[in-house]
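Below is one structure, written out as structure tokens; comments come after it.
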Amino acid sequence: MKDTPFHDPDQLMLAQADAGLVLVDPASGRIEGLNPAWPQWLGRSKASLQGAVFWEEGGWQQPDVVRTLVSLTSLPLVMPPMAVTGMTQDQQSLSLVMSARSVNLADRRLVLCTLVRSSLAQAMSISSSVAETALMGVVQALITVLEVHDPDSIGHQRRVADLAGTLARKLQWAPDEVESVVLAALIHDLGMVTVPARVLGKTELLSQGEVKQIQKHVMAGLDMLKHIEFAGPVKALIAQHHERIDGSGYPLGLKGEDVLRGAQIIGMADMLDAMTRDRPYQSAQTMDQALQVLLVSSDVLFDADLVQACVALFVQDGYRFPGP
């Protein structure tokens, strides 16, 4: 492959601009081609980067975020540009905006990554929270992608996270546990982007095959997050948010104490929001009706103490879901 393998007119324009272009093999992460900009910013030679792994530890403050952005290009969806922080050869932070998309060259699927210096990001203070900021940027981008794919889900992730976090705090859980619950709730339905929109928007009874398609969203979401390391049990909470203590849930049919309590409150919040919103397949119930359904599920689907605390949050404390 030639030194700068960019043949599309738009790519040629970018190659001449103050933008770094990098062609990456998504499977191995190896750099197949690049223009001079990014190496210059890093203070490294093009030769030293050619063939290197794009998301290697030395080049990024949070390499798992970069690796995730590359891996998500396999989806038939457009990921928005993301703020990322590179590391120069002398260990200085380099604030960038990165976009990635699939390209086909010589019958191979590669990923074209476009890197642009971000003056807005450079103005932000660089601290120990940079990794968290980058992670939340990925989370927000993923929520946006999901809501574009399924407009009926707009606001759902945030409402579920708000209720789950509020309930966890009411129960006086440790701050790190609350944080894990909120983060998991924000992306609990991420895998829904792999379910065809025609299935998500269907108003008539779903076929058995379509139900199985929807149920696969749990594992699909986990697969999309496989390159990200979370500080707490975020992935386990996502994996279990449809598990129920009587064993009737999915994907594993876990029972009793095997179902994490954090996953249970995400499941309750998910159920309440779904019941009280108009969906293609059902009209919204009142909150009183939804809470009655939740009470019936006490010690069947969810732990009785968690159900009672959730109902009390609404009835006694006057909690309501935030607006859209």
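All of the numbers you see were taken from the coordinates with simple rules; none came from a lab. A quick note: this is a predicted structure, and the numbers were derived from the prediction, not measured. Reconstructed Cβ throughout: ideal geometry from the backbone, glycine too, with neighbour counts over all protein chains shown.
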DSSP-assigned coil residues among trypsin sites (Lys or Arg not before Pro) in the range 169-266, each with at most 13 further Cβ atoms within 10 Å: Lys226
Under 19 Å, Cα to Cα: Lys pairs in the chain, sequence gap 8 or more or different chains: 7
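Based on DSSP loop calls and a cut-off of at most 15 other Cβ atoms within 10 Å, the longest stretch of the chain free of exposed GluC sites (Glu not before Pro) is what?
Maximal segment without exposed cleavage sites: 57-203.
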What share of all Cα pairs of the chain, in percent, falls into each consecutive 10 Å distance bin? 6, 24, 29, 21, 14, 6, 1
For the pair Glu204/Asp258, report the inter-label distance in nm, with labels modelled 7 Å from Cα in the Cβ direction. 3.8 nm
Scan the chain and note any complete DSSP helix (H) whose C-alpha atoms cover at least 15 Å along its axis and whose Kyte-Doolittle average is 1.6 or more. 304-315
What are the radius of gyration and Dmax of the range 246-324, computed over its Cα atoms and given in Å? 12.9, 35
